[in-house]
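Q: My structure is below; once you've seen it, I'll send some questions.
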Amino acid sequence: MYLYSLTLQQATGIVCAINGNFSGGKTQEIAVARGKILDLLRPDENGKIQTIHSVEVFGAIRSLAQFRLTVTPLSYETLEFAAPFSSDQCAEGVVSVAGDALRIFMIDRLGETFNETVVPLRYTPRKFVLQPKRKLLVIIESDQGAFTAEEREAARKECFEAGGVGENGNGNADQMENGADDEDKEDPLSDEQYGYPKAESEKWVSCIRILDPKTATTTCLLELQDNEAAYSVCTVNFHDKEYGTLLAVGTVKGMQFWPKKNLVAGFIHIYRFVEEGKSLELLHKTQVEGVPLALCQFQGRLLAGIGPVLRLYDLGKKRLLRKCENKLFPNTIISIQTYRDRIYVGDIQESFHYCKYRRDENQLYIFADDCVPRWLTASHHVDFDTMAGADKFGNVYFVRLPQDLSEEIEEDPTGGKIKWEQGKLNGAPNKVDEIVQFHVGDVVTCLQKASMIPGGSESIMYGTVMGSIGALHAFTSRDDVDFFSHLEMHMRQEYPPLCGRDHMAYRSAYFPVKDVIDGDLCEQFPTLPMDLQRKIADELDRTPAEILKKLEDARNKII
């Protein structure tokens with residue numbers, strides 16, 4: 001006997017429902033689960049709910065979860081055609097045509113903004129610079145209280161020999177019967193898993209590495225000897241064009257932090273690029289009295305920040321030649337940026353100092369500084385009068401020299417105003433203005449001005465100690481400033497934080513937030529209930545779809 005089954009009336013009991021954008025565009029829709037039926041509902045012009053799609057899933061629907069479809073750039077070759085592909089070896093892949101090649105690939109981390117390539121290093125990376133011709137990375141690495149790679153390997157072999165096992169962690173050779181191949185097994189005592197062995201705290205290990213970022217291969221690795229640690233690095237072109245682009249590395253010998261800070265000596269190494277920039281050759285090294293934490297090229301010479309001293313060096317045959325210096329900085333110089341004849345110095349505790357070099361007098365003068373003490377962790381030069389900085393309490397800020405004051409200093413032919421003007425507040429005679437203040441909530445370790453899209457405007461990118469990457473993008477119209485300011489205000493009122501802390505108090509944890517819109521808060525607008533979205537949109541004289549479009553446009557300007 002054969003029977004014909006037919007459902008005469010679909011289930012009417014709603015198991016669960018969510019709202020969002022499910023069919024593209026910016027129209028709000030509702031996804032409803034009725035038993036094994038999934039309906040997609042959309043309001044029409046009159047406000048009535050219409051079913052635009054219905055599908056039977058042949059299974060019990062227990063819950064629904066909302067997600068957003070986003071467009072993420074693909075870091076791959078240009079594809080002419082692409083289509084979904086699935087097989088036993090490639091469950092969820094893409095088959096594509098690129099030129100005259102047919103390619104099948106998988107996307108491992110779909111949804112992540114950036115892709116990354118991990119290159120293992122020998123020690124902790126401190127700083128890196130770009131070799132200008134071959135676009136190679138020069139990385140300085142150093143660790144305190146550690147052994148060199150050769151010492152670790154020698155101690156490892158000694159440990160295995162004493163234990164009577166092979167280097168792979170297994171027993172003697174007579175135990176490996178039946179032709180077992182032990183090479184494919186992982187090292188059971190790897191340093192990456194159990195940690196690197198510790199040495200006495202006075203011992204430092206350091207190296208200089210040249211890395212090709214295209215192939216992720218190391219072309220040169222120089223191990224520093226005699227308990228030296230590299231702290232700073234820069235490329236420099238001296239007036240003498242005999243060697244071309246050189247590499248300057250600041251090191252310190254026998255550095256100790258406890259019971260009090262102490263060191264044997266500091267050095268500035270000068271290296272020459274050989275083998276088309278793939279290797280280094282030491283020209284000479286110059287001993288200095290402090291730790292060279294900052295190095296920078298300036299008008300065919302080398303600027304060095306050695307403790308509280310800013311010093312200008314020129315290249316000599318056997319060592320660097322001291323030309324002039326300024327000893328009036330309050331604590332320790334940790335960053336130096338230059339533009340034309342201006343020098344922007346970052347102090348570890350007292351924010352930024354604006355300096356000027358007068359070649360006719362061969363003198364360095366401080367003509368402006370910040371009146372607010374800042375423990376700098378990162379800095380970047382924005383324009384002729386503006387500097388961006390971050391402190392160790394999680395604040396990002398911008399300071400700017402007033403326009404009239406900047407013009408007055410540049411139009412002073414004799415430099416008498418800089419030289420003889422009386423200082424204020426135990427500092428420089430002029431003070432910079434704070435134009436931007438924002439509390440990120442994490443210690444910012446680097447700042448860089450860059451454009452993440454081809455032909456797009458530049459943004460200030462920042463990275464934090466916990467691994468997050470953020471951007472500060474400048475508005476180009478007053479209308480956008482007014483719109484996002486009001487949207488942020490309504491989001492603060494209508495969508496308070498989960499833990500109850502006031503959003504304004506958080507972003508103003510150390511200094512009042514100034515001229516920064518919190519994009520993370522504004523982008524929570526699509527997660528609000530639909531009635532709350534309409535309420536905020538009515539206050540802004542817009543529709544929810546228009547607000548979502550503005551948020552998407554703001555993100556697309558950055559990435």
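The values are calculated or read from the model by the stated rules, or taken from the named source; none is laboratory data. On a predicted model such as this, the values are computed, not experimentally measured, just so you know. Virtual Cβ from ideal backbone geometry, glycine too; neighbours counted across all protein chains shown. When the accessible area is computed, the model is the full protein with side chains, heavy atoms only, and any ligands, DNA or RNA have been set aside. Shrake-Rupley method; radii C 1.70, N 1.55, O 1.52, S 1.80 Å.
Q: Could you give the dipole magnitude of the chain about its Cα centre, charging the beta-carbon of Lys and Arg +1 and that of Asp and Glu -1, in debye to the nearest 20?
A: Working: 63 positive and 83 negative charges, 315 e Å.
For the chain, the charge dipole is close to 1520 debye.
Q: So what are the radius of gyration and Dmax for the Cα set of region 262-410, in Å?
A: 16.3, 50
Q: Follow-up question, since we're still on this one. Where Rh is the Kirkwood radius over the Cα pairs of region 383-514, the temperature 25 °C and the viscosity 0.890 mPa s, what D in µm²/s does Stokes-Einstein return?
A: On the way: Rh = 17.8 Å.
Here the translational diffusion coefficient equals 138 µm²/s.
Q: Taking amide H positions as placed 1.01 Å from N in the peptide plane, with prolines and chain starts having none, which residues 5 or more places from F238, or on another chain, fall under 5 Å of its amide H?
A: L246
Q: Ignoring ligands, DNA and RNA, what percent of the 1.4 Å accessible area of the chain is carbon and sulfur? Provide the component values of the computation, followed by the final result.
A: On the way: 16970 of 32770 Å².
Solvent-exposed carbon and sulfur of the chain make up 52 percent of the total.
Q: May I ask you to work out the translational diffusion coefficient for the chain at 25 °C, viscosity 0.890 mPa s, via Stokes-Einstein with Rh from the Kirkwood sum over Cα pairs, reported in whole µm²/s? Mind dumping the intermediate values first?
A: Details: Rh = 29.1 Å.
Calculated translational D: 84 µm²/s.
Q: Nearest 20 debye, what's the magnitude of the dipole of region 280-344 about its Cα centre given +1 on Lys and Arg Cβ and -1 on Asp and Glu Cβ?
A: Result for region 280-344 is approximately 200 debye, rounded to the nearest 20.
Q: Next question, about the same structure. Between I336, I306, L282, whose Cα lies farthest towards the positive end of the dipole of region 279-393 when Lys and Arg beta carbons carry +1 and Asp and Glu beta carbons carry -1, centred on the Cα centre?
A: L282
Q: Any idea of R103's accessible area? Nearest 10 Å², probe 1.4 Å.
A: 70
Q: Further question: Enumerate the amide H contacts of F147 below 5 Å, restricted to partners 5 or more residues apart or on another chain; note that Pro and chain-start residues carry no placed amide H.
A: For F147, the qualifying residues are A199.
Q: Under a 1.4 Å probe, what is the accessible area of the chain per residue, stated in Å²?
A: Here the residues of the chain average 59 Å² of exposed surface.
Q: Which one, S87, F114, P125, is farthest towards the positive end of the dipole of region 85-135 when Lys and Arg carry +1 and Asp and Glu -1 on their Cβ?
A: So the residue we want is P125.
Q: Calculate one ³J(HN,Hα) per residue across region 537-545 by plugging θ = phi - 60° into the Karplus curve 6.51 cos²θ - 1.76 cosθ + 1.60, and present them in order as whole Hz with x for glycine and proline.
A: With the stated coefficients, region 537-545 comes to 5, 5, 5, 8, 6, 9, 9, x, 5 Hz.
Q: Taking region 447-519 on its own, what percent of its Cα-Cα pair distances exceed 19 Å? Present the calculation step by step, with values, prior to reporting the outcome.
A: Working: 1341 of 2628 pairs.
Percentage above 19 Å: 51.
Q: At a 1.4 Å probe radius, which order do I348, I14, I343 fall into by accessible area, largest first?
A: Numbers: I348 60, I14 100, I343 0 Å².
These residues rank, largest area first, as I14, I348, I343.
Q: Dividing the alpha-carbon Rg of region 204-346 by 2.2 N^0.38 Å yields what?
A: My calculation over the Cα atoms of region 204-346 gives 1.06.
Q: Sticking with this one: Have a look at V97, P402, S379 and report the one farthest towards the positive end of the charge dipole of the chain, computed about the Cα centre with Cβ charges (Lys/Arg +1, Asp/Glu -1).
A: After comparing all options, I get P402.
Q: Read phi for every residue in region 113-120 and hand back ³J(HN,Hα) as whole Hz from Karplus 6.51 cos²θ - 1.76 cosθ + 1.60, θ = phi - 60°, with x for Gly and Pro.
A: 6, 10, 9, 9, 10, 8, 10, x
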